[in-house]
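Note sheet for the following structure.
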Amino acid sequence: MAGRPRSHIVVFLAPAVIVYTAVMIWPLFNTLRLALYVGGPEGRHFAGLENFRTLFGDPRWSASFWNALGNNVWFFIIHMIVQNPIGIALAAILSHPRLRFSAFYRSAIFIPTILSFVIVGFAWKLILSPIWGIAPSMLDALGLKALFAPWLGKEDYALTTLALISVWQFVGIPMMLIYAALLSIPEEVLEAGEIDGLTGWAAFWKIKLPLILPSIGIISILTFVGNFNAFDLIYAAQGALAGPNFSTDILGTFLYRTFFGFQLQLGDPHMGSAIATAMFAIILTGVCIYLWGIQTRMRRYQF
Amino acid sequence: MTKTRLAALLLTSSLLGGAASAEDVTLTIESWRNDDLTIWQDKIIPAFEAANPGIKVVFAPTAPAEYNAALNSKLDAGTAGDLITCRPFDASLALYDKGQLADLSGLASMANFSDVAKSAWQTDDASATFCVPMASVIHGFIYNKDAFDALGIAVPTTEAEFFAALDKIKADGTYIPMAMGTNDQWEAATMGYNNIGPNYWKGEEGRLALIKGEQKLTDEAWVAPYRQLAKWKDYLGDGFEAQTYPDSQNLFTLGRAAVYPAGSWEISGFNAQAGFKMGAFPPPVQAAGDECYISDHTDIALGMNAKSAHPDEAKVFLDWVGSAEFATLYANALPGFFSLNSTPVAMEDPLAQEFVSWRDKCKSTIRSTYQILSRGTPNLETETWNASVNAIKGTETPEDAGKRLQEGLASWYDPQK
């Protein structure tokens with residue numbers, strides 16, 4: 001067995017490896033390499049860590065970077081404390097055997113996920129518009145007009161508002177994953193619990209939740225990667241300048257402005273690559289912490 | 001025999017057909033003016049094609065906000081069109097320096113343009129011109145004439161009269177005094193700061209002094225416009241913080257707002273949308289009798305992709321763009337884009353005539369941030385957007401905004417150090 005040639009493994013792996021290398025790995029390393037150069041009138045030249053020194057050392061660049069990172073962290077926190085608990089709750093409700101029309105609810109909640117960011121950004125901008133939006137008139141009908149504010153235009157609220165819009169759009173994903181995990185719990189386990197006196201809420205906390213924890217872990221890491229790569233919604237709703245006063249600027253919009261330029265500002269691919277590298281490092285660190293710190297300690301059950 | 005003849009006939013006809021279609025050269029125009037698509041397709045391109053058989057022209061615009069990024073990527077990749085619509089100053093200069101825009105100094109129709117008109121598309125030493133100037137836009141205020149008449153307001157000429165008029169509109173309550181929002185940010189700088197500013201910094205005098213380093217952004221002339229913007233806040237509509245540019249346009253054309261801080265490019269859209277009489281006035285001066293200054297900004301030009309496969313045909317088109325015929329066609333098809341051609345152009349639109357008449361009584365200048373001063377990081381134009389919005393919202397004092405911008409400019413621009 002051991003002596004047989006295994007060239008067929010190489011042949012079978014080749015298509016995927018080649019395609020993945022060409023469209024993912026090579027561009028990734030090229031971006032990392034680009035971050036080590038600076039452009040000039042005579043063309044680009046190698047500059048070592050100069051771009052990173054500017055990014056973290058120059059007070060203006062570092063202020064923009066830390067602002068974007070801080071906003072990104074807040075964006076992530078909102079998703080973790082709003083999107084995922086709601087997703088789990090919805091899945092728990094949907095998996096209830098006596099719920100009627102559950103297929104309808106499931107589709108209705110999942111549909112926003114397949115909409116384009118541009119449509120979501122545009123629709124919510126209209127809904128929340130202080131001039132034509134239905135949000136102010138609905139609040140008015142309830143006599144709560146005083147609660148309305150032009151949320152997307154206020155520095156204090158804009159980022160939270162956008163994060164909640166994103167939650168609305170993507171709550172279907174944790175719901176579906178948890179729903180699938182809940183359905184895979186065998187009846188016997190629940191029945192055994194029932195015999196031991198665990199029903200209703202107690203059954204959820206003591207049996208179902210421990211069994212879906214690995215799925216919650218996966219959802220958390222997907223949310224983390226998705227949020228730190230986010231760009232589209234902010235760009236569609238607030239533009240590349242991520243107003244008001246950069247209060248919705250996240251790493252993705254900061255990267256876009258730097259890399260491609262904005263209005264009279266010319267693009268700087270090298271500085272942009274430095275930001276992309278920093279983003280890559282942040283996401284890599286987060287994923288590593290998860291994989292080694294949490295995933296390996298999680299208990300798994302087999303039925 | 002007949003068979004061979006038929007085959008020969010088919011062969012020759014297909015050869016002839018091939019030859020005829022090979023003569024037609026198609027030129028593609030890159031542009032950010034997607035609003036003008038129908039005008040190019042229905043008026044401008046047919047006029048050119050009728051006079052120049054064998055050259056077909058396709059107008060292929062991109063969304064304004066994406067234009068610069070998209071164009072740069074296309075030029076780098078070698079997929080850009082033959083003709084490139086040029087942004088003024090550094091954005092196009094950078095393309096020329098990279099060898100992506102061709103030098104057009106030798107084009108015959110360049111003689112039809114003044115040095116000022118060409119300045120936005122020249123190297124710093126004016127030795128090479130790389131785009132044919134097409135049009136400039138003028139800033140001012142468009143107002144709802146019916147509203148002004150109903151409330152008995154005369155067109156304001158001084159700042160005191162301007163704010164008195166706004167107070168009167170606000171007290172009456174029928175109209176929102178001024179239609180502008182801060183969501184998209186650029187209006188606050190372009191239709192706000194650079195609209196009213198030239199009266200304070202005395203147009204070209206102040207702009208050139210800033211470039212030479214003789215004036216600073218912390219000087220009164222550069223801070224005072226922010227102070228006026230701060231006063232605008234009380235006259236904007238509810239929720240102006242989240243009001244976008246199209247929102248403002250709609251508020252005005254629906255007749256819900258009385259005054260619109262404008263650029264002349266709005267004219268054709270407003271003519272089509274508004275169901276009331278409109279008028280326009282230049283930015284009011286500080287005291288009666290003061291010299292007035294307007295922003296008459298060289299905004300749009302057309303250049304040639306240096307890697308175009310059809311440079312000769314592209315030059316034929318550019319030569320035509322520099323002609324008086326094109327100037328008349330363009331200025332009348334797009335009222336509000338004023339020709340830069342030295343030959344005077346007769347315009348029919350009354351609102352456009354009003355705007356262009358200010359050239360005779362006021363001194364013209366261009367936007368203060370466009371030439372040289374937005375070359376570095378932080379970018380002065382983008383910072384000005386932000387500062388203008390902050391001034392209107394009241395989240396930053398005019399003095400602080402001036403100080404922040406001056407520090408940013410001095411950090412990379414030697415004459416200001």
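The values are calculated or read from the model by the stated rules, or taken from the named source; none is laboratory data. As the structure is a prediction and not an experimental result, all values here were calculated from the model. All Cβ positions, even for glycine, are placed from backbone atoms using ideal geometry, and neighbour counts span all protein chains on display. Surface areas here come from the heavy atoms of the whole protein model, side chains and all, with no ligands, DNA or RNA. Shrake-Rupley method; radii C 1.70, N 1.55, O 1.52, S 1.80 Å.
Altogether, the Stokes-Einstein calculation at 25 °C and 0.890 mPa s, with the Kirkwood radius of the range B:137-192 over Cα pairs as Rh, returns a diffusion coefficient of 196 µm²/s.
Compute the Cα gyration tensor for chain B, then decide on rounded, prolate or oblate, letting a ≥ b ≥ c be the square roots of its eigenvalues: rounded whenever a/c is under 1.5, prolate when a/b is larger than b/c in the other cases, and oblate in all that remain. In terms of gyration-tensor shape, prolate.
From the largest down, the range A:28-297 spans 78, 53, 27 angstrom on the principal axes of its Cα atoms.
Taken as Cα centroids, the range A:233-303 and the range B:200-245 sit 34 Å apart, rounded to the nearest whole angstrom.
Considering only DSSP beta bridges with both partners in the protein assembly as shown, what is the antiparallel share in %, to the nearest 5?
Values: 29 of 45 bridges.
Among the beta bridges of the protein assembly as shown, antiparallel pairing accounts for roughly 65 percent.
Per-residue 3J(HN,Hα) values for the range A:80-94, derived from phi via the Karplus relation 6.51 cos²θ - 1.76 cosθ + 1.60 with θ = phi - 60°, read 5, 8, 10, 5, 6, x, 5, x, 5, 4, 4, 5, 4, 5, 5 Hz in sequence order (x marks Gly and Pro). Only alpha carbons enter this Debye calculation for the range A:194-303, each as an equal point scatterer, and the log10 of I(q)/I(0) it gives at q = 0.18, 0.22 Å⁻¹ is -0.92, -1.14.
Tell me the total accessible area that B and A bury against each other, 1.4 angstrom probe, in square angstrom rounded to 100.
On the way: alone 17670 and 18410 Å², together 33460 Å².
Chains B and A together bury roughly 2600 Å² of accessible area.
Charge dipole of chain B (Cα centre as origin; +1 on each Lys and Arg Cβ, -1 on each Asp and Glu Cβ, all else neutral): 520 debye, rounded to the nearest 20.
Of the cross-linked pairs B:Lys145/B:Lys170; A:Lys145/B:Lys233; A:Lys145/B:Lys393; B:Lys98/B:Lys363; B:Lys145/B:Lys231; B:Lys393/B:Lys417, those separated by over 28 Å at the C-alpha level are B:Lys98/B:Lys363; B:Lys393/B:Lys417.
Within the accessible area of the range A:28-297, what % is carbon and sulfur when the probe is 1.4 Å and the other protein chains stay in place? Could you put the intermediate results ahead of the total?
Details: 9440 of 13640 Å².
For the range A:28-297, the apolar C and S fraction of the accessible surface comes to 69 percent.
Straight-line reach from A:Lys206: taking Cα to Cα under 17 Å and skipping same-chain neighbours fewer than 8 places apart, the aspartates and glutamates in range are A:Glu187, A:Glu188, A:Glu191, A:Glu194, A:Asp196.
Lys and Arg at +1, Asp and Glu at -1: add these up for the other residues within a Cβ distance under 11 Å of B:Thr377 and post the number. Display every interim value, and only then the final one.
Details: positive: A:Arg60, A:Arg257, B:Arg375; negative: A:Asp58, A:Asp268, B:Glu383.
Neighbour charge sum, excluding B:Thr377 itself: 0.
With contacts taken as Cα pairs under 8 Å at a separation of at least 6 residues, the range A:33-175 carries a relative contact order of 27 percent. Our coupling estimate for the range A:143-154, obtained by passing each phi through the Karplus curve with A = 6.51, B = -1.76, C = 1.60 and θ = phi - 60°, is x, 10, 3, 4, 6, 6, 9, x, 3, 5, x, 9 Hz, Gly and Pro reported as x.
Report relative contact order for chain A in percent, whole number only (criteria: Cα-Cα under 8 Å, sequence separation at least 6).
On the way: 314 pairs, mean separation 75.2, N = 303.
Computed over chain A, the figure is 25 percent.
Less than 5 angstrom separates the built amide H of B:Lys56 from those of B:Val25, B:Thr26, B:Leu27, all sequence-distant by 5 or more or on a different chain.
Along the axis of the charge dipole computed for the protein assembly as shown (Cβ charges of +1 for Lys and Arg, -1 for Asp and Glu, origin at the Cα centre), the listed residues A:Ile178, B:Ile372, B:Gln243 are led at the positive end by A:Ile178. Every helix of 4 or more DSSP H residues in chain B counts as -39500 (n - 2.57), and over all residues that averages to -12500 deg cm²/dmol at 222 nm. Checking every one of the chymotrypsin sites (Phe, Trp or Tyr not before Pro) in the range A:88-149 against DSSP loop status and a limit of 13 other Cβ atoms within 10 Å picks out A:Phe101, A:Trp132. Legend: Rg and Dmax of the protein assembly as shown, from Cα coordinates, 30.4, 101 Å.
Qualifying GluC sites (Glu not before Pro) in the range B:263-364, where qualification requires a DSSP coil assignment and no more than 10 other C-beta atoms within 10 Å, comprise B:Glu348. Residues whose amide H lies under 5 Å from that of B:Tyr293, counting only those 5 or more places away or on a different chain, are B:Asn199, B:Lys363; hydrogens are built 1.01 Å from N in the peptide plane. Given H placed 1.01 Å from N in the peptide plane, which residues other than close sequence neighbours of B:Ala301 have an amide H under 5 Å from its amide H? Placed amide hydrogens put B:Cys86, B:Met134 under 5 Å from B:Ala301. Computed per residue of chain A from DSSP H runs no shorter than four, each worth -39500 (n - 2.57), the mean residue ellipticity at 222 nm is -19500 deg cm²/dmol. Could you tell me which of rounded, prolate or oblate describes the range B:237-354, using a ≥ b ≥ c as the square roots of the eigenvalues of the alpha-carbon gyration tensor, with rounded for a/c under 1.5 and, failing that, prolate when a/b is larger than b/c and oblate otherwise? Prolate.
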